[in-house]
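The values are calculated or read from the model by the stated rules, or taken from the named source; none is laboratory data. Keep in mind it's a predicted model, so treat the numbers as computed, not measured. Here the Cβ is made from the backbone with ideal geometry for all residues, glycine too, and neighbour counts use every protein chain on show.
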Amino acid sequence: MLDLTAQQKELIRATKDYVDRVIRPAVSRLDSLQEIYEFPYDLMREGSALGLKSMPLPTELGGIDADMVTQALVVAELAAGDVSVGYFFRHYWRFARLIPRLPDEIRAMVVDGISHDEKFVPASASTESAAGSDNSVPYDAPGAGAMLSAVKDGDDWILNGEKFMITNGGIATLYFVLARTDPSKGVVDGCTMFAVPASTPGLTCGPLWPKLGQRGSPQADITFKNVRVPAANAMTKVGEGYAASERGLIAANITNAGMCLGIAREAYDLALKWSTERVQGGQAIYKHQLVAHDLGRMKTLVDSTRSHLINVAWRYSHDREFHESESWQIRVMAADAAIEVTQKALFLFGGRGIMKNYPIEKLVRDALTMTHGNGTSELMTMKIGLHEGEKLIKGDG
Ligand SMILES: Cc1cc2nc3c(=O)[nH]c(=O)nc-3n(C[C@H](O)[C@H](O)[C@H](O)COP(=O)(O)OP(=O)(O)OC[C@H]3O[C@@H](n4cnc5c(N)ncnc54)[C@H](O)[C@@H]3O)c2cc1C
């Protein structure tokens with residue numbers, strides 16, 4: 001069995017303590033976020049001081065070089081309190097690996113922002129209203145996938161177009177944008193990724209999207225009108241933006257799975273406690289065979305998700321044989337587990353399950369938001385099957 005280090009155990013303990021004292025009492029505030037100016041930076045302050053933003057960075061940049069196991073287990077603790085807080089901190093981790101490639105001025109803004117500026121927030125912007133799944137299972141034809149255009153003008157690039165449902169849209173100070181630099185090619189070879197500070201003239205954002213769950217994590221659409229960025233802001237070689245974006249999603253799939261685990265575990269813990277306290281039919285309901293069966297199923301899903309997650313996370317950080325398909329598997333499996341476990345918890349709470357005075361309905365809503373992150377579960381599952389088929393045909397299956 002994997003033995004966590006003393007540092008990992010301490011970080012997880014401190015995160016849980018922060019969640020219990022600061023996040024849990026503020027859950028209804030997070031769940032009612034409606035406007036950009038309401039974003040609760042104050043709730044994130046203690047987590048930032050704990051080092052939760054910087055933890056995957058190398059020590060010389062103020063981090064602790066946290067591996068993927070640490071990231072997955074820490075984000076599970078955050079999501080057990082509120083999945084939006086998990087998303088908030090996880091977004092910093094997504095960009096850690098890009099830092100060495102940033103132009104000097106932006107790198108200083110990122111490193112300094114992570115350590116000292118609570119209003120420094122990054123966002124990743126690929127989706128457009130006509131380009132959703134086409135960015136993750138590319139329908140690789142000119143005219144499909146991300147079409148926000150970037151056109152060279154002297155030493156600069158000029159960006160025009162829109163991005164859709166972008167997490168941290170509105171509060172972000174730096175966007176990583178997938179832009180079409182060659183419209184004659186498909187998304188795979190025709191895109192480049194740019195770092196664009198939110199303060200760049202011509203960049204504006206729409207209002208927050210109201211949504212089912214995960215409500216403390218804002219999404220907005222972003223419009224680019226003649227947004228000029230220097231050539232140094234290209235994060236990839238021209239035409240290599242899609243590959244970079246896909247690489248970034250591997251780690252994000254694993255931390256998304258961590259958030260699903262946190263939601264599922266919280267629902268299970270609440271349902272188990274409730275089932276030992278609620279008496280009907282002359283006994284605590286957990287003694288009824290149907291309830292015990294549901295609890296057994298929930299416990300099995302939570303524990304197997306955790307084991308599989310730790311295995312995949314460890315392999316991501318430490319095993320050169322790791323394949324991105326494993327990140328799709330755990331992301332899909334964990335989202336399914338979160339949905340099934342929260343739904344069973346809802347039923348075990350009886351009528352109280354759907355009442356806002358009880359915690360379960362929010363967990364059900366949060367779980368339902370986890371099926372499209374980084375691409376839909378359906379398409380990820382299809383990609384796993386395709387990968388397995390290709391592996392067998394190549395003779396390494
Ligand atoms: C809360 C939230 C946060 C988000 N944050 C971000 C963000 O930070 N950055 C960002 O860039 N995007 C973000 N997105 C967008 C997200 O990545 C997309 O929602 C996702 O990629 C799916 O695209 P879509 O919604 O356009 O669905 P569509 O692509 O329109 O899919 C609709 C349905 O069709 C199916 N489908 C589509 N294509 C195929 C196919 N080729 N074969 C079979 N079935 C297919 C899908 O599985 C799905 O069931 C966010 C979305 C949400 C809801």
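Remark: pairs (first residue in region 121-132, in contact (Cβ under 8 Å) with a residue 12 or more places away in the chain and within 7 Å of the ligand (Cβ to nearest atom); second residue among the polar types (S, T, N, Q) and not in a loop (DSSP other than H, G, I, E, B); Cβ separation under 6 Å; 6+ apart in sequence or on different chains) = SER126/ASN135; SER126/SER245. Restricting attention to region 221-236, the residues being crowded, with 22+ Cβ neighbours inside 10 Å and within 27 Å of THR371 (Cα to Cα) number 1. Taking the condition more than 12 Å from the ligand (Cβ to nearest atom) and surrounded by 23 or more Cβ atoms within 10 Å (Cβ to Cβ), does VAL177 pass? So VAL177 does not fit the description; no. Under the condition of being within 13 Å of the ligand (Cβ to nearest atom) and under 20 Å from the mean Cα position of the chain (by Cα), the residues counted in region 157-173 number 10. Taking region 187-202 as the range and being more than 26 Å from the chain's Cα centre (by Cα) and either within 14 Å of the ligand (Cβ to nearest atom) or under 18 Å from ALA243 (Cβ atoms) (or both) as the test, no residue passes. When you check ASP65 against the structure, is it without any contact (Cβ under 8 Å) to a residue 24 or more places away in the chain and touching a helix residue (DSSP H, G or I) at 6+ places or on another chain (Cβ under 8 Å), yes or no? Yes. For the residues LYS362, LYS391, the requirement of being basic (Lys, Arg) and either in contact with a strand residue (DSSP E or B) (Cβ under 9 Å, 6 or more places away or on another chain) or surrounded by fewer than 18 Cβ atoms within 10 Å (Cβ to Cβ) (or both) singles out LYS391. The residue list VAL196, VAL151, VAL187 contains one member that is surrounded by fewer than 23 Cβ atoms within 10 Å (Cβ to Cβ) and not assigned by TED's automatic domain parsing to the domain that holds VAL111, which is VAL151. In region 108-130, the condition of being in contact with an Asp or Glu (Cβ under 6 Å, 6 or more places away or on another chain), modelled with pLDDT of 95 or more, of a type in the set (Val, Ile, Thr) and buried (at least 22 other Cβ atoms within 10 Å of the Cβ) is met by no residue. Whenever a residue of region 154-166 is closer than 20 Å to PRO230 by Cβ, its partners that are surrounded by fewer than 19 Cβ atoms within 10 Å (Cβ to Cβ) and among the β-branched types (Val, Ile, Thr), lying with C-beta atoms within less than 7 angstrom and at least six residues away or across chains, give the pairs TRP157/VAL151; ILE158/VAL151.
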